[in-house]
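Please treat every number below as a calculation from the coordinates, not as lab data. Remember, predicted model here, so these are calculated numbers, not experimental data. Please note: Cβ atoms are built from the backbone with ideal geometry, for glycine as well, and neighbour counts cover all protein chains shown.
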Amino acid sequence: MVAYTFRKEEKLCSQKIIGELFLTGSSFLCYPLKVVWKFEQLLPQVPAQVVFSVPKRLFKKAHDRNLLKRRMREAYRFHKHELYSLLQQNELRTAMMIVYIAKEELEFAEIEKAMIKIAGRFKNKL
């Protein structure tokens, strides 16, 4: 049975690792999301740690940013098992940042499609 949870250990909080993501990480686009990722050894016993971001420059009101982050987290939570199985097969751990880049507020279904594409792109990368 697949656990559709997003525990505290799966959330990326380290400012050091987030800074390294932007300096030395790889990135790709799956509209409306941009993924910046890097394989890491310092992570705890979870295959991936993730941080979600919505730019204040695009969405001025906090409740709009929070809504979009909530939608991204929910879509990730439903489809992370595909990513986790890939990483565990290859014995890898990754840190990633998912950034919302669309200029308009999109529905959950469109964000979910992008999350599915992200899992497919990681299949190609490994």
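Computed quantities for the displayed model
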{"quantity": "Residue among Phe122, Phe59 that alone is touching a Leu at 6+ places or on another chain (Cβ under 8 Å), aromatic (Phe, Trp, Tyr) and not in a helix (DSSP H, G or I)", "calculated": "Phe59"}
{"quantity": "Output for the range 48-78, where each listed residue is under 19 Å from Lys117 (Cβ atoms) and either in contact with a Lys or Arg (Cβ under 6 Å, 6 or more places away or on another chain) or of a type in the set (S, T, N, Q) (or both)", "calculated": "Phe52, Ser53, Val54"}
{"quantity": "Tally of residues being among the hydroxyl-bearing types (Ser, Thr, Tyr) and either closer than 15 Å to Ile17 by Cβ or assigned to a loop (DSSP other than H, G, I, E, B) (or both) across the range 62-90", "calculated": "0"}
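Residues checked against (1) hydrophobic (A, V, I, L, M, F, W, C); (2) assigned to a helix (DSSP H, G or I); (3) surrounded by fewer than 16 Cβ atoms within 10 Å (Cβ to Cβ):
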position	(1), (2), (3)
Thr5	no, no, yes
Gly19	no, yes, yes
Leu23	yes, yes, yes
Ser27	no, no, yes
Val35	yes, no, no
Lys38	no, no, no
Gln41	no, no, yes
Val50	yes, no, no
